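The values are calculated or read from the model by the stated rules, or taken from the named source; none is laboratory data. Owing to the predicted nature of the structure, the values given are computational and were not obtained by experimental measurement. Here the Cβ positions follow ideal geometry from the backbone for every residue, glycine too, while neighbour counts run over all protein chains shown. Remember, those area values only see protein heavy atoms, side chains included, never the ligands or the DNA or RNA. Shrake-Rupley method; radii C 1.70, N 1.55, O 1.52, S 1.80 Å.
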Amino acid sequence: MTFQTKIIEIKTTLLTKETPVDVKHLTESNGIFVSIPYFQINAINVHLHCSNRSIRLRQLESLLPNIPKERCILGGDFNDRTERFSLRDFLSCSKALGPTTIYGSCIDDILYTPDVKIESPKVVRKRFGLMDHYPIIATVV
(Lines give C-alpha, C1' and ligand atoms only; values in the text may rest on other atoms or scores of the structure.)
Protein backbone atom coordinates (compact mmCIF):
# COMPACT_ATOMS: atom_id res chain seq x y z
CA MET A 1 0.00 0.00 0.00
CA THR A 2 1.33 3.44 -0.93
CA PHE A 3 0.41 6.68 0.78
CA GLN A 4 0.94 10.07 -0.81
CA THR A 5 1.21 13.25 1.15
CA LYS A 6 0.97 16.76 -0.21
CA ILE A 7 2.87 19.33 1.80
CA ILE A 8 1.34 22.77 1.58
CA GLU A 9 3.52 25.66 2.67
CA ILE A 10 1.16 28.13 4.24
CA LYS A 11 2.41 30.33 7.06
CA THR A 12 -0.97 31.71 8.05
CA THR A 13 -3.72 30.49 10.30
CA LEU A 14 -7.40 31.21 10.48
CA LEU A 15 -8.92 30.74 13.92
CA THR A 16 -12.68 30.54 14.10
CA LYS A 17 -15.24 29.23 16.56
CA GLU A 18 -17.30 27.89 13.67
CA THR A 19 -16.43 25.13 11.22
CA PRO A 20 -15.27 26.34 7.80
CA VAL A 21 -16.77 24.72 4.70
CA ASP A 22 -15.89 24.73 1.03
CA VAL A 23 -12.17 24.34 1.75
CA LYS A 24 -10.09 24.50 -1.44
CA HIS A 25 -6.36 24.32 -2.07
CA LEU A 26 -5.52 26.93 -4.70
CA THR A 27 -2.44 25.20 -6.07
CA GLU A 28 -1.34 27.80 -8.62
CA SER A 29 -1.31 30.60 -6.06
CA ASN A 30 -0.18 28.51 -3.07
CA GLY A 31 -3.28 29.42 -1.13
CA ILE A 32 -6.16 27.99 0.83
CA PHE A 33 -9.77 29.20 0.42
CA VAL A 34 -12.39 28.61 3.13
CA SER A 35 -15.94 29.77 3.56
CA ILE A 36 -17.44 30.29 7.00
CA PRO A 37 -21.22 30.48 6.48
CA TYR A 38 -22.01 31.20 10.12
CA PHE A 39 -20.18 34.53 9.83
CA GLN A 40 -21.02 34.94 6.13
CA ILE A 41 -17.37 35.44 5.29
CA ASN A 42 -14.74 33.94 3.02
CA ALA A 43 -11.03 33.78 3.79
CA ILE A 44 -8.00 33.09 1.64
CA ASN A 45 -4.55 32.45 3.10
CA VAL A 46 -1.55 32.72 0.78
CA HIS A 47 2.18 32.28 0.84
CA LEU A 48 3.55 33.81 -2.35
CA HIS A 49 6.93 32.97 -3.87
CA CYS A 50 9.77 34.45 -1.84
CA SER A 51 12.46 35.38 -4.36
CA ASN A 52 10.83 35.98 -7.74
CA ARG A 53 8.42 38.91 -8.17
CA SER A 54 7.18 37.75 -11.59
CA ILE A 55 6.15 34.41 -10.06
CA ARG A 56 4.34 36.29 -7.28
CA LEU A 57 2.46 38.31 -9.90
CA ARG A 58 1.47 35.12 -11.75
CA GLN A 59 0.32 33.58 -8.47
CA LEU A 60 -1.89 36.61 -7.81
CA GLU A 61 -3.25 36.55 -11.37
CA SER A 62 -4.25 32.95 -10.74
CA LEU A 63 -5.75 33.90 -7.39
CA LEU A 64 -7.88 36.88 -8.50
CA PRO A 65 -10.72 34.84 -10.06
CA ASN A 66 -11.07 32.95 -6.75
CA ILE A 67 -11.39 36.05 -4.59
CA PRO A 68 -14.98 36.99 -3.72
CA LYS A 69 -15.67 40.71 -4.11
CA GLU A 70 -17.66 40.89 -0.85
CA ARG A 71 -17.18 39.68 2.73
CA CYS A 72 -13.66 38.44 2.11
CA ILE A 73 -10.36 38.37 3.98
CA LEU A 74 -7.09 37.81 2.13
CA GLY A 75 -4.12 37.27 4.40
CA GLY A 76 -0.70 35.76 4.51
CA ASP A 77 2.88 36.13 3.44
CA PHE A 78 2.93 38.18 0.23
CA ASN A 79 6.75 38.46 0.20
CA ASP A 80 6.25 41.99 -1.09
CA ARG A 81 4.47 45.15 -0.03
CA THR A 82 0.78 44.58 -0.80
CA GLU A 83 0.35 48.04 -2.33
CA ARG A 84 2.51 46.81 -5.24
CA PHE A 85 -0.30 44.48 -6.29
CA SER A 86 -3.58 45.33 -8.02
CA LEU A 87 -5.80 44.61 -5.04
CA ARG A 88 -7.67 47.92 -4.97
CA ASP A 89 -10.88 46.34 -3.65
CA PHE A 90 -9.13 45.54 -0.37
CA LEU A 91 -8.18 47.56 2.67
CA SER A 92 -4.93 46.76 4.48
CA CYS A 93 -4.23 46.10 8.15
CA SER A 94 -0.48 46.42 7.91
CA LYS A 95 -0.22 50.04 6.77
CA ALA A 96 -0.48 51.21 10.36
CA LEU A 97 1.27 48.22 11.95
CA GLY A 98 4.89 48.59 10.91
CA PRO A 99 7.36 45.78 10.16
CA THR A 100 6.14 42.20 10.09
CA THR A 101 9.57 40.53 9.92
CA ILE A 102 12.65 40.58 12.10
CA TYR A 103 14.43 42.32 9.18
CA GLY A 104 12.16 45.37 9.36
CA SER A 105 10.13 44.72 6.20
CA CYS A 106 6.36 44.62 5.87
CA ILE A 107 5.59 41.68 3.57
CA ASP A 108 2.77 40.06 5.54
CA ASP A 109 -0.71 41.48 5.66
CA ILE A 110 -4.38 40.95 6.35
CA LEU A 111 -6.42 42.51 3.56
CA TYR A 112 -10.21 42.75 3.71
CA THR A 113 -13.12 44.02 1.65
CA PRO A 114 -14.73 47.27 2.91
CA ASP A 115 -17.86 45.39 4.07
CA VAL A 116 -15.82 43.45 6.67
CA LYS A 117 -15.21 45.08 10.02
CA ILE A 118 -11.75 44.47 11.51
CA GLU A 119 -10.86 45.35 15.10
CA SER A 120 -7.56 45.52 16.95
CA PRO A 121 -5.09 44.51 14.22
CA LYS A 122 -1.59 44.08 15.59
CA VAL A 123 1.75 42.47 14.96
CA VAL A 124 2.78 40.01 17.68
CA ARG A 125 6.43 40.91 18.14
CA LYS A 126 7.52 37.60 19.60
CA ARG A 127 9.87 35.05 18.08
CA PHE A 128 8.46 31.58 17.52
CA GLY A 129 11.37 29.22 16.96
CA LEU A 130 13.27 29.86 13.74
CA MET A 131 10.53 31.93 12.09
CA ASP A 132 11.64 35.28 10.71
CA HIS A 133 8.09 36.68 10.53
CA TYR A 134 5.87 37.99 13.28
CA PRO A 135 2.21 36.93 13.27
CA ILE A 136 -0.43 39.52 12.46
CA ILE A 137 -3.69 39.10 14.32
CA ALA A 138 -7.02 40.86 13.98
CA THR A 139 -10.57 40.23 15.11
CA VAL A 140 -13.32 40.11 12.51
CA VAL A 141 -16.64 41.32 13.86
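When 82, 101 are checked against the criterion of being β-branched (Val, Ile, Thr), touching a His at 6+ places or on another chain (Cβ under 6 Å) and open to solvent by less than 70 Å² (accessible area, probe 1.4 Å), 101 stands alone in meeting it.
Can you pull out the residues in region 59-81 that are in a loop (DSSP other than H, G, I, E, B) and acidic (Asp, Glu)? Please lay out each step first, then the result.
Initial filter on region 59-81 (in a loop (DSSP other than H, G, I, E, B)): 67-71, 78-81.
Once the filter is applied, which keeps residues that are in a loop (DSSP other than H, G, I, E, B) and acidic (Asp, Glu), region 59-81 yields 70, 80.
Residue 89 - would you say it is within 17 Å of residue 51 (Cα to Cα) and not hydrophobic (A, V, I, L, M, F, W, C)? If you could, list the steps in order and put the result at the bottom.
Values: within 17 Å of residue 51 (Cα to Cα): no; not hydrophobic (A, V, I, L, M, F, W, C): yes.
Answer is no for this residue.
Looking across region 33-64 at every residue that is at pLDDT below 90 and within 16 Å of the chain's Cα centre (by Cα), the one that is nearest to residue 108 (Cα to Cα) is identified as 50. Exactly one residue out of 56, 125 is without any contact (Cβ under 8 Å) to a residue 12 or more places away in the chain, among the basic types (Lys, Arg) and either in a helix (DSSP H, G or I) or open to solvent by 60 Å² or more (accessible area, probe 1.4 Å) (or both), and it is 125. Counting only residues that are under 30 Å from residue 40 (Cβ atoms) and more than 14 Å from the chain's Cα centre (by Cα), region 93-120 holds 10 of them.
For residue 71, the conditions (1) more than 16 Å from residue 29 (Cα to Cα); (2) modelled with pLDDT under 90 all hold with the exception of (2). Among the residues of region 104-117, the ones that are assigned to a strand (DSSP E or B) and open to solvent by 30 Å² or more (accessible area, probe 1.4 Å) come to 1 in all. Identify the residue in region 28-53 that is among the aromatic types (Phe, Trp, Tyr) and out of contact with any strand residue (DSSP E or B) (no Cβ under 6 Å at 6 or more places or on another chain) and, among all such residues, is surrounded by the fewest Cβ atoms within 10 Å (Cβ to Cβ). The residue in question is 38. The number of residues in region 59-79 that are open to solvent by less than 40 Å² (accessible area, probe 1.4 Å) and either within 20 Å of residue 94 (Cα to Cα) or hydrophobic (A, V, I, L, M, F, W, C) (or both) comes to 11. The residues listed here are 52, 79, 42; of these, the one that is touching a Cys at 6+ places or on another chain (Cβ under 6 Å) and farther than 27 Å from residue 21 by Cα is 79.
In this structure, residue 141 qualifies as surrounded by fewer than 12 Cβ atoms within 10 Å (Cβ to Cβ), under 21 Å from residue 16 (Cβ atoms) and touching a strand residue (DSSP E or B) at 6+ places or on another chain (Cβ under 6 Å).
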